[in-house]
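Asks: Below you'll find the structure I mean.
The values are calculated or read from the model by the stated rules, or taken from the named source; none is laboratory data. What you see is a predicted model; the values in this text were computed from it and never measured. Cβ: placed from backbone, ideal geometry, glycine included. Neighbour counts: every protein chain shown.
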Amino acid sequence: MLSIPGVEKEVSRLALGTLTLTVEEAGYTQWRLLLGRFFELGGRVIDTAYIYNRGQSERGLGRWLAEHGLRDKLVIVDKGTHQAADGRWLIDPEHIAADLSVSLERLGVSTIDLYLLHRDNVQLPVGTLVECLNRHIDNGSIQAYGVSNWTMARIEEALEYAERHSLRPISANSPNVTLARTITPLWEGCVTLDAVSQQWHREHGLLVLAWSSQARGFFSGRFTRGQVEDRLVRASYDCDDNWERLRRVQQLAAEKGTTPARIALAWVLGEPYPILPLIGPLTVAELEDSWLALSVQLTPAERHWLNLEGE
């Protein structure tokens, strides 16, 4: 069973990403159905961020929480601080406090269960950030903290600093993890776990919140070689290796009587370290399809074969 150090709540095996959630009525109607069905299925972790949909994601989630009174049953993961489009660093104690204050107001909550720094600021000593986040735990605005798109070297440095100064350490790391090989990062500054990082997580047991766990729908069947309309998917995943992975995913799905999307997500769920995949369905049908990945079992040989590690 998964757990988040510092968060005394049930943690589901999948987390719902809300990148496109909006408070505006047309889009919110669909999201109300998605959020409700996610909870019905047993989903208890919802991920958002200060910058998602220009703040609409947090506002939409806040509206839904107010309507349904489920705040105490859910783990809210929120991300703040991000490098500005003009390159300015917005990741420091002042901007953390400002972003966090706005996020709490948008969500209509008094505390965020797990607060992640959306990016790193390597110009600051890591201890400055660790101490800042510990102060926000002390004042009750967050229950635990983690990082997203940090290098393993900085994560190790932060953990060592927290231990040396008797502070609460990072509770989770949120990089990209997916069956597809990433050619180029989806966005500048994004980090995908490599083999060395995966081994580190196996040895240390730090929870991984895997964003884009389904490679932005690469395994959904809506893309074919030469017909990839999504520019991010095309730039990040359009290569011979990944088309072969897709072929194998489709073949194994047919053999098991399931869907390719479930196979690809089951591969991520089977990683040998604590991992909580973030999924980004746009419809209830997509959500239900992803949820059924929890019942798909892959053997070690199948996992290796899917990842082009054997015939």
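Asks: Starting from residues that are touching a residue at least 40 places away in the same chain (Cβ under 8 Å) and farther than 18 Å from LEU19 by Cβ, keep the ones in segment 183-203 and report whichever is surrounded by the fewest Cβ atoms within 10 Å (Cβ to Cβ).
Replies: In this case the residue turns out to be VAL196.
Asks: Can you tell me which of ARG262, ARG222 is under 24 Å from LEU19 (Cβ atoms), without any contact (Cβ under 8 Å) to a residue 24 or more places away in the chain and among the charged types (D, E, K, R)? I'd like the intermediate steps shown before the answer.
Replies: Working: ARG262 fails: without any contact (Cβ under 8 Å) to a residue 24 or more places away in the chain.
Just a single option satisfies the conditions, and that option is ARG222.
Asks: Given the criteria surrounded by 15 or more Cβ atoms within 10 Å (Cβ to Cβ), over 30 Å from LEU129 (Cα atoms) and either of a type in the set (A, V, I, L, M) or at pLDDT 95 or above (or both), does LEU206 qualify? First the steps, then the outcome.
Replies: Working: surrounded by 15 or more Cβ atoms within 10 Å (Cβ to Cβ): yes; over 30 Å from LEU129 (Cα atoms): no; either of a type in the set (A, V, I, L, M) or at pLDDT 95 or above (or both): yes.
Criteria not met by LEU206.
Asks: From the list ALA97, ALA84, which residue is among the small types (Gly, Ala, Ser) and over 15 Å from GLN143 (Cα atoms)? Spell out the reasoning first.
Replies: Numbers: ALA97 fails: over 15 Å from GLN143 (Cα atoms).
Exactly one of ALA97, ALA84 is among the small types (Gly, Ala, Ser) and over 15 Å from GLN143 (Cα atoms), namely ALA84.
Asks: Going through segment 144-160 one residue at a time, which ones are outside any loop (DSSP other than H, G, I, E, B) and either in contact with a His (Cβ under 6 Å, 6 or more places away or on another chain) or buried (at least 22 other Cβ atoms within 10 Å of the Cβ) (or both)? Let's see the steps before the verdict.
Replies: Of segment 144-160, the ones outside any loop (DSSP other than H, G, I, E, B) are 144-148, 152-160.
Result: ALA144, TYR145, GLY146, VAL147, SER148, ILE155, ALA158.
Asks: With respect to GLN199, is the statement that it is closer than 24 Å to HIS304 by Cβ, in contact with a helix residue (DSSP H, G or I) (Cβ under 8 Å, 6 or more places away or on another chain) and not aliphatic (A, V, I, L, M) true?
Replies: Values: closer than 24 Å to HIS304 by Cβ: yes; in contact with a helix residue (DSSP H, G or I) (Cβ under 8 Å, 6 or more places away or on another chain): no; not aliphatic (A, V, I, L, M): yes.
When the stated conditions are applied, GLN199 does not pass them.
Asks: From LEU276, LEU292, LEU308, which residue is in a helix (DSSP H, G or I) and farther than 13 Å from THR178 by Cβ? Before you say what the answer is, go through the steps one by one.
Replies: Values: LEU276 fails: in a helix (DSSP H, G or I); LEU308 fails: in a helix (DSSP H, G or I).
Going through LEU276, LEU292, LEU308 in turn, the sole match is LEU292.
Asks: Mind listing just one residue for me: the one in segment 138-191 that is of a type in the set (Phe, Trp, Tyr) and touching a strand residue (DSSP E or B) at 6+ places or on another chain (Cβ under 8 Å) and, of those, farthest from HIS82 (Cα to Cα)?
Replies: Across segment 138-191, the extreme among qualifying residues is TYR145.
Asks: Follow-up. Applying the selection to segment 62-121, what residues are aromatic (Phe, Trp, Tyr) and either at positive phi or touching a Leu at 6+ places or on another chain (Cβ under 6 Å) (or both)?
Replies: Result: TRP64, single match.
Asks: Could you tell me which numbered condition THR128 fails, if it satisfies all but one of (1) over 16 Å from the mean Cα position of the chain (by Cα); (2) crowded, with 16+ Cβ neighbours inside 10 Å?
Replies: (2)
Asks: Test each condition in (1) under 18 Å from the mean Cα position of the chain (by Cα); (2) surrounded by fewer than 20 Cβ atoms within 10 Å (Cβ to Cβ); (3) not hydroxyl-bearing (Ser, Thr, Tyr) for GLY80 and report the one that comes out false.
Replies: (2) is the only condition that GLY80 fails.
Asks: Here's a follow-up. Go through segment 1-59 and give me each residue that's charged (D, E, K, R), in a helix (DSSP H, G or I) and at negative phi. Talk me through it step by step, then tell me what you get.
Replies: Narrowing segment 1-59 to residues charged (D, E, K, R): 8-10, 13, 24-25, 32, 37, 40, 44, 47, 54, 58-59.
Of the ones still in play, those that are also in a helix (DSSP H, G or I) are 25, 32, 37, 40, 54, 58-59.
If the condition is that a residue be charged (D, E, K, R), in a helix (DSSP H, G or I) and at negative phi, then GLU25, ARG32, ARG37, GLU40, GLU58, ARG59 are the ones that fit.
Asks: I'm checking my understanding of the structure. Among residues of segment 240-274 that are crowded, with 20+ Cβ neighbours inside 10 Å and of a type in the set (S, T, N, Q), which one is farthest from THR224 (Cα to Cα)?
Replies: THR259
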